[in-house]
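All of the numbers you see were taken from the coordinates with simple rules; none came from a lab. Note that the coordinates shown come from a computational prediction; the quantities given were computed from them, not determined experimentally. Glycine also receives a Cβ, built like all others from the backbone with ideal geometry; neighbour counts cover every protein chain displayed.
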Amino acid sequence: MAVVAGCFAVAIAAGWTPLAERIDHDAYDVMMRLEPVENGTPQSVVVAIDEPTLRERGGMRRVRTILSEALDKLAAVKPAAVALDVLLPDKGDDVEDARLEASLRATRNLILPCEIVGGKWEDPLPRFRDLAAGLGHAQQGRDRSDLVSREIPIEETADGKRRWALSLEAFRVVRGEAIVESPDDLQAGNVLIPAARRAGSRSMFIRYLPAGTPQVSVLEIERNAAALRGKTIFLGVTALSAAHDRLLNPYRQDVSGVAVHAHAFETLARGRFLTPASDLTVVSLCLLFAAAAGLTFRLLSGWSAYLLGVLLLVAALGLPLEFFRNGVVFPFFAPVAVAWLTTAGAASFQHFFVRRQLRRSESEKSRYQQAIHWVAHEMRTPLTAIQGSSEIMTRYSLPEQKQHELSAIINSESKRLARMIQTFLDVERLGEGEMEMKREPFAAAQVVDACLKRAGPLADRKKILLSLDTTVDGTLIGDRELMEYAFYNLLTNAVKYSSSETEVHVTAVLRGGELRLSVHDQGIGMDEKELKNIFKKFYRTKRAEASGEAGTGIGLSIVEQIVTHHGGRMEVTSELRKGSCFTMVLRAKVGAPSSNAETVDRRG
Ligand code: ADP
């Protein structure tokens, strides 16, 4: 859950980066190419002041005269409206201006351009402006990152005055309808333009006509009279040498500023708008992807999970196109990044974490099986003794003393069995933290004595001298039986891993509240690497295995658990072929224990 949430957050955050923006733009362009709008019959024509016009009519210096000539010729072909994309803010040559004024006056449905300069509207000269049926801004929307024109600001405000875009103004004039505005859209007659106001401006995606809008040179107006009649004319400069507003459209075609207005006009005229998806929709769908990725890897595993993950990615890739088909511009990067990252995150989490858990539970299982093995193995000796003794008793009629001896063996061995089972269970539960360990004071000397006595016969068999050179002082607090088990283990190990006719030596030092109980042997010893592992369950050194004495490798792990549960620690030193010294370092009090048992304490 946390992994998926983290990946989701990273993906959404990455969605704000410039790279994501570029990818979204590129995806938008690809979708526009995949889903182009039909060219149909365009309602507008660009009348271009192109390279030949400028060449023949004396260049941009004479632009007002060129405009007059164009307007006069256009008046004759009766267009629906003429929108000018040449700014006329300054006074020019008197004769030229007078001629232009006359031409403008003669133009029906004239729309003039304006522009924001230094935060203020720069309008045409009043003598021109007063002749216009509409005033529209010629601001271009281009993405700063790649100079591709995708949207235009359909409404701009400066200096407290709001202006529609040149294309919308032309549309309004041609349709003869007022524009009704609401925060979410604009309505011109029966056309609803989805352009919500954001930060004092509204923008509209331009649905570029794939084949471009028709274009006629100023020099060719008369020859194309039929094509111009009844159309909305966008009259502007297209000559590369003069136009400063050349852009690319999403088809990556070169497009002049005046043509952008014509395309925007076509978008309005066709009423096939693109709206940006709301932030809420984007975030909800991304959340859905993240949840689906999380659930997939939560509920499934293996190929089915990966397959579903891949399907999720495909869905994320296809989603923006599906939205685009329905007129909604959905970001591309965010859902894909969310689907990718959350799927990858959930998959790796499953792979590494869940697998690890599986491995752990498997090793737990095998550990348990080995433990059962150990009990079975350890039980064999007392069971054989009981079996043997009882068989002898039933098969032969024995003298009474012998019978006593045998039943004493049966009794003591069955008690040993019971103790063993108890110890095993206690130790298992101790490890799991479920056990209530006894907390009573007992003399350390008692433990040492009892163990030395029990280990005596083992040492004798190998002619090993088992010795204790000091008196053992101090009182320990805890579980005497467990402590005996631990110390006995150290003694038997020392005997097991020593060759015959060596010595096993026990020392006890009580100092500063600590009792150091050590078992020194002159046995096979261990190297450093082995020393690091001996307290692990079921670890046995190769050397011990070769000696034929090695047991199950569980003893020392139990010893360590018992000692730590008593608040102590184990210390081991060893030298190969020279011997080892195992020391239990335990908290102890000076003197003999008082007779009162301390409270029983829950430990875990
Ligand atoms: P085991 O039943 O095999 O003795 P332990 O847990 O008691 O299991 O000991 C683990 C391993 O540590 C042994 O197999 C042996 O390799 C090594 N080891 C323990 N005690 C000694 C010792 N006194 N000298 C050398 N090696 C020892």
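With the cut-off at 21 Å, report for segment 333-468 the share of all Cα pairs above it, as a whole percent.
70 percent
Could you tell me what percent of the DSSP beta bridges with both partners in segment 366-508 are antiparallel, to the nearest 5?
Here the share of antiparallel DSSP bridges comes out near 50 percent.
If each of Asn326 and Ser363 carries a label point 7 Å out from its Cα toward its Cβ, how far apart are those two points in nm?
Result for the modelled spin labels: 5.1 nm.
Could you check how many percent of all C-alpha pairs in the chain are farther apart than 38 Å?
Result: 60 percent of Cα pairs exceed 38 Å.
With a 10 Å Cβ neighbour count serving as the proxy for reagent exposure, in which order, fewest first, do Met584, Met437, Met379, Met1 appear?
Met1, Met379, Met437, Met584
About the Cα centre of segment 102-214, what is the dipole size in debye to 20, counting +1 per Lys and Arg Cβ and -1 per Asp and Glu Cβ, all else neutral?
200 debye
Per the helix-only calculation at 222 nm, which mean residue ellipticity applies to the chain, given -39500 (n - 2.57) for every DSSP H run of n ≥ 4 and division by its residues, nearest 500 deg cm²/dmol?
-15500 deg cm²/dmol
In debye to the nearest 20, how big a dipole does segment 229-304 give about its Cα centre with +1 on each Lys and Arg Cβ and -1 on each Asp and Glu Cβ?
Computed about the Cα centre, the dipole is about 240 debye.
Which FRET efficiency, nearest 0.05, do Gln187 and His351 yield, Cβ-Cβ r, R0 45 Å?
0.25
Would you mind ranking Asp279, Asp527, Asp479, Asp72 by Cβ crowding within 10 Å, fewest neighbours first?
Asp279, Asp527, Asp72, Asp479
Could you calculate the FRET efficiency of Glu177 with Val314 from 1/(1 + (r/R0)^6), where r is the beta carbon distance between them and R0 is 45 Å, rounded to 0.05?
For Glu177 and Val314, the calculated efficiency is 0.50.
Going toward the positive end of the dipole of the chain, with +1 on Lys and Arg Cβ and -1 on Asp and Glu Cβ, which of Gly271, Phe171, Pro124 do you reach last?
Most positive-ward Cα: Gly271.
With r defined as the distance between the Cβ atoms of Ile392 and Glu575 and R0 fixed at 45 Å, what FRET efficiency is calculated, to the nearest 0.05?
Efficiency at R0 = 45 Å is approximately 0.45.
Under a plain spin-label model, where a point goes 7 Å from the Cα along Cα-to-Cβ, how far apart in nm are Arg229 and Asp254?
3.4 nm
Taking the dipole about the Cα centre of segment 130-219, with the C-beta of Lys and Arg at +1 and of Asp and Glu at -1, give me whichever of Pro214, Thr157, Ile193 is farthest to the positive side.
Pro214
Of Ala315, Thr343, Thr384, which is farthest along the charge dipole of segment 295-387 in the positive direction, counting Lys and Arg as +1 and Asp and Glu as -1 at C-beta?
Farthest towards the positive pole: Thr384.
Looking only at the chain, where both bridge partners belong to it, what percent of the DSSP beta bridges are antiparallel (to the nearest 5)?
Rounded to the nearest five, the antiparallel share is 65 percent.
Sort Arg62, Arg229 by Cβ crowding within 10 Å, fewest neighbours at the top.
Arg229, Arg62
State to the nearest 20 debye the size of the charge dipole of the chain about its Cα centre, where the only charges are +1 on K and R beta carbons and -1 on D and E beta carbons.
So the dipole magnitude of the chain works out to roughly 940 debye.
Under a Cβ-Cβ cut-off of 13 Å, what is the net charge of the residues other than Ser217 that fall near it, where Lys and Arg count +1 and Asp and Glu count -1?
-2
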